[in-house]
Amino acid sequence: MQTSNGIVHALPEERIQYYAQFIQDYERIRAAEGRGSQSEEYYLRLPYQDLTGKNSRQWEIRARSYDFLMKRVLKPNLGYEKVLDLGAGNCWMSFRLALAGYQPVAVDLLTNKYDGLAAAVTYQKRLPNPLPRFQAELVRLPFQSEQFDVVIFNASFHYSEDYVATLREAMRCVKRGGMVVISDTPWYAREESGRQMVAERQAIFLQRFDTASNSVKSLEYLTDERLRRLEEEFSIRWTVHSPWYGFKWFMRPWIARLRRRREPSRFRIYVARKHA
């Protein structure tokens with residue numbers, strides 16, 4: 001592994017090549033969607049305010065999920081300090097966790113200075129200790145077994161190509177009695193709805209960006225059946241939390257039914273403990 005600008009690059013050369021097209025497409029789409037800024041204040045306000053105004057609704061969801069996570073999942077577990085932030089992006093969650101007294105480690109595939117790990121330079125200036133950042137993939141994490149108290153998939157679990165392999169690696173890294181948390185991954189009541197969402201999004205991407213952004217076959221969403229299979233595979237039990245995202249968000253499924261549209265995605269927080 002090599003370190004560049006404070007980021008530990010833990011992807012073997014062949015995996016860099018494997019993800020090259022995905023990263024290129026993803027960064028181009030994210031830039032076009034207005035994710036990132038040259039203003040330090042933009043990063044410092046996340047997730048509570050999107051100063052660009054381009055993705056405010058999504059950041060509102062992130063903020064409510066984060067607040068729920070802190071108050072109802074992390075804080076009740078005293079002594080849990082070391083947190084692995086998987087899918088850290090620009091490291092906003094790791095920064096917030098560090099300010100709250102936790103010891104976060106950030107992991108992502110993206111390393112660019114607007115939407116990837118290099119954007120954390122803004123946060124580094126305001127932290128007493130360096131924020132560890134690793135470029136790595138979810139199924140090959142460069143950490144010792146049982147190194148973390150909590151592993152959080154930060155709006156990232158749905159990018160997995162293999163949920164079993166991804167969760168197995170998270171379980172390896174978390175201590176006995178520790179927690180694995182899945183936050184802000186789309187959930188659908190019906191498998192068909194998830195497949196339809198993926199098809200719709202790929203069509204939009206083709207029209208807007210000239211790419212379906214599907215060079216990596218991510219699984220994209222969760223269903224109760226997919227979660228049940230993970231429970232059986234790892235002998236775990238998910239605790240499911242449903243943060244309140246507002247009345248309009250609550251009414252979305254009912255409005256979709258009245259208008260005979262595909263069910264909209266919903267977000268929940270899933271917590272599983274590793275057996276002691």
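Summary table
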item: Karplus-derived HN-Hα couplings along segment 211-219 (A = 6.51, B = -1.76, C = 1.60, θ = phi - 60°), whole Hz, x at Gly and Pro; result: 7, 7, 6, 10, 5, 10, 7, 5, 7
item: Sites Ser218 and Arg176 - FRET efficiency at Förster radius 51 Å, r taken between beta-carbons, to 0.05; result: 0.95
item: Contact order relative to length of the chain, as percent, for alpha carbon pairs under 8 angstrom and 6 or more apart; result: 18 percent
item: Under 29 Å, Cα to Cα: Lys pairs in segment 1-131, sequence gap 8 or more or different chains; result: 9
item: Length gained when the stretch Asn77-Trp244 is fully extended (0.36 nm per residue, less Cα-Cα span); result: 58.0 nm
item: Rounded to whole Hz, the Karplus (6.51, -1.76, 1.60) HN-Hα couplings of segment 27-34, x for glycine and proline; result: 5, 5, 5, 5, 5, 5, 7, x
item: Rounded to whole Å, sorted largest first: equivalent-ellipsoid semi-axes of segment 1-125, Cα gyration tensor; result: 24, 20, 13
item: Among Tyr43, Pro253, Gln135 the positive-end extreme of the charge dipole of the chain (Cβ point charges); result: Pro253
item: Where labels lie 7 Å past Cα in the beta-carbon direction, separation of Lys54 and Glu225 in nm; result: 3.8 nm
item: Per residue accessible area of segment 135-276, 1.4 Å probe, in Å²; result: 52 Å²
item: Asn129-Glu191 pseudo-label distance in nm [points 7 Å out on the Cα-to-Cβ vector]; result: 4.5 nm
item: Kirkwood Rh and Cα Rg combined as Rg/Rh, segment 158-200; result: 1.08
item: Length-normalised contact order for segment 1-123 - Cα pairs under 8 Å, 6+ apart - percent; result: 22 percent
item: Estimated vicinal HN-Hα couplings, Hz - segment 5-20 in sequence order (Karplus 6.51, -1.76, 1.60; Gly, Pro = x); result: 6, x, 9, 8, 8, 10, 9, x, 3, 5, 7, 4, 5, 4, 8, 4
item: Accessible surface of the chain [probe 1.4 Å, protein heavy atoms]: carbon and sulfur percent; result: 49 percent
item: Within the chain: Cβ-based charge dipole about Cα centre, in debye rounded to nearest 20 (Lys, Arg +1; Asp, Glu -1); result: 1020 debye
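The values are calculated or read from the model by the stated rules, or taken from the named source; none is laboratory data. Please read all numbers here as calculations on a predicted model, not as lab measurements. We place every Cβ from the backbone using ideal geometry, glycine too, and count neighbours over all the protein chains shown. With ligands, DNA and RNA removed, areas are computed over all heavy atoms of the protein, side chains included. Shrake-Rupley method; radii C 1.70, N 1.55, O 1.52, S 1.80 Å.
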